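Quick notes on the structure that follows.
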Amino acid sequence: MTLLRVEHVDKSYGDEEVLHDVSFEMQRQDVEVIVGPSGSGKSTLLRCVNRLTEIDDGAIYLDGEEIHALDENELRRRVGMVFQDFNLFAHRTARGNVTLGLRQVLGMPREEAEATADDYLERVGLADQAESYPAELSGGQQQRVGIARALAMEPELILFDEPTSALDPELIGEVLSVMRDLADEGTTMLCVTHEMGFARSAASRITFLDDGRIVERGPPETLFEDPEHERTRAFLGELAGIQ
Amino acid sequence: MTTTDVDQTAVGELPGRRRLAVGAVGVVFWAWLLARWASHNTLLDRLFTALGAPNLVQSELGVRQREPWLPAEPFQAASDGVADVAASLGPASVLLEWLAWLFDLAAFATTIGPQLAAGAFVTVYLTVLSMLLGLLLAVPLSVARVYGGPVLSRISLAYTELIRGTPLLAQLFFLYFGLPLAGFIDSFGFVGSGGVPRAAVFVAIVGFTINSSAYQSEYIRAALQSVDPGQLTAARSIGLSKLQGIRYVVLPQGLRFAIPGWTNEFVYLIKYSSLAAFITVPELFRRARNIGSDTFQFTDVYVIVALFYLALVLTTALAMGKLEQAVAIPGLGRGADRD
Ligand SMILES: Nc1ncnc2c1ncn2[C@@H]1O[C@H](COP(=O)(O)OP(=O)(O)OP(=O)(O)O)[C@@H](O)[C@H]1O
Ligand SMILES: [Mg+2]
């Protein structure tokens, strides 16, 4: 069943066209990986989906409803987001980061919210860090709290914007393993990431975005083994080479 | 936020023994001041009565409430004695003369202490009330300035610029003489009798509240702008509205960042509250001025009153430092810069 449908989306900042006629579709339980050079519009595309940025033209449907017809807070409750630099609420503990949305958006009573938060922290392997403040956590732990915070709202779709690229190499694995678990459990995920191992094993589709346009899109095997475009081969080859 | 920081830890960082000495002086001063307020203060007395504890201290101390508790005579005698010795020593006795003046000052201080204590009470509640009411205005003003969009932010900007661009004394005069505010306040029957302050005091509170709200909102604005914008983005990404994000994420961090600036404003207001003297409010400075014109000992009374202000300012700085520590969060604010 189609969960997300992006149709002919255009987006410009001033004279600079950042997204040009972008269209694609995701089914429920799909894991879509977006790759592309810096400045190609990957973050902008994600932000258009939860309306942190407004599109200029085109349409985006979530579960059949055009997202601009939805209340934006309701939309964002249904579409979670995980950030490159975590953006944990610096004044709240790990548990407090997860409970804020539960309490203020879902209106959960305090005790239920705390119990729920602890469940989600346990799911990302941080049951023992519930009382820690972000500054007391490693980058990998912070990002896992970020994932727990997004998950707790029970979104239909989670957007990941380079969730591991601010991490030291030895901390990347713990975050990817949580993401892999989510993928295995059937969470619908739209991920900007250059972790090719994850893309190869977890992605249902990979989209190569360049200069605001979708150059090529397909299952991982096709893009890695037999891409249609030379540019795709070159870019993915380079990424694989780095790793 | 850095240019205008008051060094709140100035007292806290003194070496052990001197810290103890300053602390001891402070404790004695405050014990004396609080005891004076408790023993003779119609406003507090009313409050105690309302709370079911009438005449808490007053009845015990009877008639001596208004009078000094320490006699001036021993200090005066000491001063005279030292002065005599100094006179017999001739011109080489500068130090002794100075000592005589100190004793003289102490004698004078015991005499005028009760009046100054009453003045300090007005100064303290004037300042504290104006700061708190000012904060209530400053938070929405600064939020409007940073997040309010073109219209609200300009209104907020115009307000703060108007207030900060005009002299405080002119604002007080405008409120007191220019507007029928005092008359309006007086039209409430209870004002000015039975321990309720006179209209001028209310006008002063209104004036200081407006004035300090403008300055406080500037400090808070700067603090809000130093909160990482990603914090609000993250708040919005879980479905909080912009206002909720500001309330639950930006303000708790920004207000913590604002404490040093807020302390600055608090200290300023303690001193600037002396301008209320010019609209007849019987606060610390006005009492000092009156004592001066009664006794012609202007130098002495201003030295003594300066020590009062110094004690109030140091206490505030110390208390705000404690507050900052009490609400500190690991990795947030000043501590984080040192990591
Ligand atoms: N708020 C903004 N205002 C103006 N220009 C912007 C804004 N956000 C992004 N851009 C521009 O849009 C283009 C695409 O940015 P975007 O962040 O989407 O790229 P990206 O593919 O995520 O890059 P990276 O890999 O560096 O994160 C860039 O040229 C960027 O400068
Ligand atoms: Mg990006």
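Interface B/A, total buried accessible area with a 1.4 Å probe, nearest 100 Å²?
Details: alone 18300 and 11080 Å², together 27450 Å².
Interface area, both chains combined: 1900 Å², rounded to the nearest 100.
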### Message
Checking the cross-link filter: which lysines have an alpha carbon closer than 27 Å to that of B:K271, excluding same-chain neighbours under 8 positions apart?
### Response
B:K322
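Pop the C-beta distance of A:A69 and B:D228 into the FRET formula with R0 = 30 Å and round what comes out to the nearest 0.05. The partial results should precede the final answer.
On the way: r = 32 Å, r/R0 = 1.06.
The calculated FRET efficiency here is 0.40.
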### Query
Given H placed on each backbone N at 1.01 Å, which residues far from A:M81 in sequence or on other chains put an amide H within less than 5 Å of it?
A:L159
### Task
Would you tell me the mean number of C-beta atoms belonging to other protein chains that fall within 10 Å of each C-beta in B:224-236, as a whole number?
4
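In chain B, what percent of the accessible surface is made up of carbon and sulfur (1.4 Å probe, ligands and nucleic acids excluded)?
Details: 11790 of 17310 Å².
Answer for chain B is 68 percent, counting heavy atoms of protein chains only.
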### Task
Determine, for each peptide in A:208-214, A:4-10, the mean count of other beta carbons within 10 angstrom over its residues, then list the peptides with the highest first.
A:208-214, A:4-10
### Amide H within-cut-off set for A:L3, under 5 Å, with H built and near neighbours excluded
A:M26, A:Q27, A:R28
### Task
Work out the P(r) tail for the range B:117-158: percent of alpha carbon pairs separated by more than 14 Å, whole number.
57
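Is there a simple number for the mean count of other chain Cβ atoms within 10 Å of the Cβ of residues in B:252-258, and what is it?
Values: counts 4, 4, 1, 1, 2, 0, 0.
That works out to 2 on average.
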### Message
Rounded to two decimals, what is the ratio between the C-alpha radius of gyration of the range B:113-337 and 2.2 N^0.38 Å?
### Response
1.16
### Task
With a Förster radius of 22 Å, plug the Cβ-Cβ distance of A:A59 and B:L243 into 1/(1 + (r/R0)^6) and report the FRET value to the nearest 0.05.
0.20
## Note on the structure
If amide H atoms are modeled at 1.01 Å from N in the peptide plane, then the residues at a separation of 5 or more from A:G58, or on another chain, having amide H under 5 Å from its own are A:D10
### Query
Karplus couplings for the range B:159-174 from phi (6.51 cos²θ - 1.76 cosθ + 1.60, θ = phi - 60°), rounded to Hz, Gly and Pro as x?
4, 5, 5, 4, 5, 6, x, 10, x, 4, 5, 4, 4, 5, 4, 4
#### Entry: Overall Cα dimensions of chain A, principal axis frame, Å, largest first
54, 42, 35
### Query
Short version: which residues of the range A:53-85 lose at least 10 Å² of accessible area, all chains versus chain alone, 1.4 Å probe?
A:E72, A:N73, A:R76, A:M81, A:F83
### Query
Taking only Cα atoms, what is the 0 to 90° angle, nearest 10, from helix B:199-225's long axis to the longest principal axis of chain B?
50
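Please list A:50-59, B:130-139 highest first by mean number of surrounding beta-carbon atoms within 10 Å per residue.
On the way: A:50-59: 16.5, B:130-139: 19.5.
Result, highest mean Cβ count within 10 Å first: B:130-139, A:50-59.
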### Query
Rg (Å, one decimal) plus Dmax (Å, integer) for the alpha carbons of the protein assembly as shown?
33.2, 112
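In Å², and per residue, what accessible area does chain B have when probed at 1.4 Å with the other protein chains present?
Values: 17310 Å² over 339 residues.
So chain B comes to 51 Å² accessible per residue, rounded to a whole number.
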### Task
Report the net charge of residues surrounding B:A276, where surrounding means a beta-carbon distance below 10 angstrom and charges are Lys +1, Arg +1, Asp -1, Glu -1.
0
## Note on the structure
For A:K11, the lysines lying under 20 Å Cα to Cα, once residues fewer than eight places off in the same chain are dropped, come out as A:K42
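Tell me the mean residue ellipticity at 222 nm calculated for chain B from its helices only (DSSP H runs of n ≥ 4, each -39500 (n - 2.57), averaged over every residue, nearest 500).
It comes out at -23500 deg cm²/dmol, rounded to the nearest 500.
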### Query
Rounded to a whole number, what % of the accessible area of chain A do carbon and sulfur atoms account for, probe 1.4 Å?
41
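Taking R0 as 22 Å, what's the FRET efficiency between B:D186 and B:K271 from their Cβ-Cβ distance, rounded to 0.05?
0.20
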#### Entry: Listed peptides B:218-226, B:67-75 by packing density, highest first (mean Cβ within 10 Å)
B:218-226, B:67-75
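The values are calculated or read from the model by the stated rules, or taken from the named source; none is laboratory data. If you're wondering where the values come from, they're calculated on a predicted model, not measured in any experiment. Note: ideal-geometry Cβ built from the backbone for every residue, glycine included; neighbour counts use all protein chains shown. Note: areas computed on protein heavy atoms with side chains; ligands, DNA, RNA excluded. Shrake-Rupley method; radii C 1.70, N 1.55, O 1.52, S 1.80 Å.
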